[in-house]
Amino acid sequence: MLFLDGLDEKDKKEIFGCLDELEEISQRQAEAYGYNKKADDSPLNITIKPEILDTSALEESKGDKDDFRPSNFEQYIGQESAKQRILSYIGGCKKFNEQFPHTFLSAPAGCGKTVFANILANMLGKKFVKCGAVDIKSEQQLVDKIVECKGGILFIDEFHKISNKLGTFLLPILEERLVSGIKIKPFTMFVATTHKGNLSENLSALVQRFLPIELEHYTNDELNLILKQFHAKTYPSINILEYVYAEIAKNSKFTPRIALRLLREYAYIENLDMVKDNNKIIQDGITATDIKVLKYLQENNGVGKNSISKYLNVEPKTYEFEIEPFLILKRLISVGNRRKITPQGILFLEGIE
């Protein structure tokens, strides 16, 4: 250390003694927060210990009503192609006494990824453990989840957020069931994402180890059936006319989650016009925010997503993943280097003015 040059040995010993004492204090504080600094000299290498949750003060549910969720494929409306593929693999695995393969599910937001995976676990008679990719910050936490599922299904949502480090760690687990050279009990990893294209290119080899399953946007007829099913199971005491189902379905952006939210609000207030006004729905699922986007693009002849986000006062990712996809699906805007309104988008604006 250059700053010690010129000091006598006594002063140096005092300085080193202070540094050692500070290091011990730092170590004690780190351990109090679950870190292990002595495992490696590098300050970036820490071990995150599982946090023990104290649930003693929580009140246990006693007879409270839960929302209806499909528990089998007969109740799960739509996605016939995906269901048929899953059923064929279940049959094949039973025939040859094999573990169900690791599965990669990609689907638009709100289209039932978690319910789909849970049904698979029910059909296989396996334990179902759910977590998000952002919740897994270390290899040990991933191993803990594998242990928790006990040979069942480990469901990891938002898999596009998995780190490259964890993705690399996963490869031998998926290929050979090896963790640090130890052969582990068979299990099924079921991962899901709404943004498959956002996975790092470095993880392409990992993705290839999964059985790919894709869920599609729902049709209005399918949404109509989902609404009737939810109504019968959740709010059977109120009467809902056919036109209400149809209006909610066509204003739900082809998404069951939105449809069920609108139906719940209708059950509360039984006024369809008020439901539309509360959700700023203009026509066929297009909202006031969507109209702002279309008018902004029309006035500026093509702009970037950051400019649109700034105009709407939202985060760029909020615009890109929550607002823009429906406008693209409706062919009201086009996306290249810049976002532009399409001739169909211009016609739509003319039709509502």
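Among (1) touching a strand residue (DSSP E or B) at 6+ places or on another chain (Cβ under 9 Å); (2) not assigned by TED's automatic domain parsing to the domain that holds L124, which single condition is K161 missing?
(2)
Specify the residue that is surrounded by the fewest Cβ atoms within 10 Å (Cβ to Cβ); the eligible residues are those in region 161-181 that are under 30 Å from N97 (Cβ atoms) and modelled with pLDDT under 90.
G181
Of the conditions (1) outside the structural domain of L124 (by TED's automatic domain parsing); (2) touching a residue at least 60 places away in the same chain (Cβ under 8 Å); (3) surrounded by 11 or more Cβ atoms within 10 Å (Cβ to Cβ), F73 clears all except one; give me its number.
It fails just one condition, (2).
Out of region 331-353, which residues are of a type in the set (V, I, T), over 15 Å from E320 (Cβ atoms) and in contact with a strand residue (DSSP E or B) (Cβ under 8 Å, 6 or more places away or on another chain)? Before you say what the answer is, go through the steps one by one.
The initial filter retains those residues of region 331-353 that are of a type in the set (V, I, T), namely 333, 335, 341-342, 346, 352.
Within this subset, residues satisfying the condition of being over 15 Å from E320 (Cβ atoms) are 341-342, 346, 352.
The answer is I341, T342, I352.
So E158 fits all but one of (1) surrounded by 15 or more Cβ atoms within 10 Å (Cβ to Cβ); (2) out of contact with any helix residue (DSSP H, G or I) (no Cβ under 9 Å at 6 or more places or on another chain); what number is the exception?
Checking E158 against (1) surrounded by 15 or more Cβ atoms within 10 Å (Cβ to Cβ); (2) out of contact with any helix residue (DSSP H, G or I) (no Cβ under 9 Å at 6 or more places or on another chain), the one that fails is (2).
Enumerate the helices (runs of 4 or more DSSP H) found wholly within region 238-353, keeping only those where 2 or more residues are closer than 27 Å to Q79 by Cβ and not β-branched (V, I, T).
Working: elements: 242-250, 256-269, 272-278, 288-300, 305-312, 324-329, 343-352.
So the answer is 242-250, 256-269, 324-329.
Name every residue in region 331-353 that is under 14 Å from D290 (Cα atoms) and among the charged types (D, E, K, R), in order of residue number.
R331, R339, K340
Restricting to region 92-117, count the residues that are buried (at least 20 other Cβ atoms within 10 Å of the Cβ), in a helix (DSSP H, G or I) and of a type in the set (S, T, N, Q).
Within region 92-117, residues that are buried (at least 20 other Cβ atoms within 10 Å of the Cβ), in a helix (DSSP H, G or I) and of a type in the set (S, T, N, Q) number 0.
Being among the acidic types (D, E) and out of contact with any helix residue (DSSP H, G or I) (no Cβ under 8 Å at 6 or more places or on another chain) is the filter here, so list the residues in region 204-215 that pass it.
Looking only at region 204-215, we keep the residues that are among the acidic types (D, E), and these are 214.
Matches in region 204-215: none.
What single numbered condition from (1) of a type in the set (S, T, Y); (2) loosely packed, with under 14 Cβ neighbours inside 10 Å; (3) at pLDDT 90 or above fails to hold for T193?
(2)
The values are calculated or read from the model by the stated rules, or taken from the named source; none is laboratory data. Note that the structure is predicted; figures quoted are calculated from it, not measured. Neighbour counts are summed over all protein chains in view; Cβ atoms, including those assigned to glycine, are modelled from backbone coordinates with ideal geometry.
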